[in-house]
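Notes for the one structure printed next.
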Amino acid sequence: MATDTRQLTTRTAVRVRDLHRSFSQNGGVLNGLDLDIAAGEFVALIGRSGTGKSTLLRALAGLDREVAGHGRIAVPDAVSVVFQDSRLLPWKRILDNVVFGLRGADAAERGRHALAEVGLAGRERAWPYQLSGGEQQRAALARSLVREPQLLLADEPFGALDALTRIKMHALLRKLCDAHQPAVLLVTHDVDEAIALADRVILLDAGVVRTDVRVGLPSRSRSDPAFAELRTFLLDQLGVDEGSHR
């Protein structure tokens, strides 16, 4: 994998050119993909299963070094990843999980502040099993953001949560991103989630960008006609009958 960080500017967080990734001889998962993400921009990535969403995220995170492929990738030095499961270490308390690997004499204080930001002040000494699923994902967000990433990669971080908790996590994530201003790439299967959170929604198909649309809605309310119109458009691009979408 070729990486050229010299291509990045203060206005660009991600630049991908002609990215190919393949897991077999039967065809590629990513087939010459190009992508730019501006600094501070929130991009949601949607598409059917197998179109390369998580493969792209892992490539940007540098987690696919054993995969065949080539292309040019430029990302910032400070990159954090949030996965669908919290991946908290069960033998470490919550604060220790958040600051694990973090250097500096003020690491613990920064960790407490990050936990307070996600609504977990006072839970520093709790064990992961003592937290609900939503609280565990809050701790995972704190662990990612305490490092002040320039790029936050999120691979379906709310996919295992119930509907009400997901809505609360959406509001929290937008609030945290407004405060910390990382560029964000969110992989999701949920079109409503993509519209509710992102500045841009990108649809992958056959390993390339098929649709790239700016959200630009005055309101993110699902009852807004403009929200419904964009939702219908994206579902149509996915080839999904809106009546069957939940």
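The values are calculated or read from the model by the stated rules, or taken from the named source; none is laboratory data. In this text the structure is predicted, and so the values were computed from the model without any measurement. With ideal geometry, Cβ positions are generated from the backbone for all residues, glycine too; neighbour counts draw on all protein chains shown. Note: areas computed on protein heavy atoms with side chains; ligands, DNA, RNA excluded. Shrake-Rupley method; radii C 1.70, N 1.55, O 1.52, S 1.80 Å.
Please give me the summed charge of the neighbours of LEU33: other residues whose Cβ is under 12 Å from its Cβ, Lys and Arg +1, Asp and Glu -1.
Combined, the nearby Lys, Arg, Asp and Glu give +1.
Can you give me the % of accessible surface on the range 149-246 that is carbon or sulfur? Probe 1.4 Å, all protein chains present, nothing else counted.
Values: 2300 of 4440 Å².
On the range 149-246, the fraction of accessible area on carbon and sulfur atoms equals 52 percent.
For Cα pairs less than 8 Å apart in space and 6+ apart in sequence, what is the mean separation divided by the residue count of the chain, i.e. the relative contact order in percent?
Taking the mean separation of contacting Cα pairs over the length of the chain, I get 25 percent.
Relative to the compact globular guide of 2.2 N^0.38 Å, what is the alpha carbon radius of gyration of the chain, as a ratio?
Working: Rg = 18.2 Å, N = 246, 2.2 N^0.38 = 17.8 Å.
This ratio for the chain stands at 1.02.
Which of the peptides 174-180, 212-218 is most tightly packed, and how do the rest follow, judged by the mean count of other Cβ atoms within 10 Å per residue?
174-180, 212-218
Among 129-135, 29-35, how do they line up from the highest to the lowest mean number of other beta-carbon atoms within 10 Å?
29-35, 129-135
In straight Cα distance, which lysines are under 29 Å from LYS53, not counting same-chain residues fewer than 8 positions off?
Partners within reach: LYS168, LYS175.
Probe of 1.4 angstrom, ligands and nucleic acids ignored: what's the accessible area per residue over the chain, in square angstrom?
49 Å²
When ranked by the protection proxy of mean other Cβ atoms within 10 Å per residue, highest first, what sequence do the peptides 114-126, 41-53 form?
Numbers: 114-126: 17.7, 41-53: 20.5.
Highest-to-lowest ranking by the protection proxy: 41-53, 114-126.
Which whole-number percentage describes the relative contact order of the range 159-246, with Cα contacts under 8 Å and a sequence gap of 6 or more?
Reported as a whole number, the value is 19 percent.
Between ASP199, ASP18, ASP190, which gets the highest mean-square fluctuation from a Gaussian network model of the chain, Cα cutoff 10 Å?
ASP18
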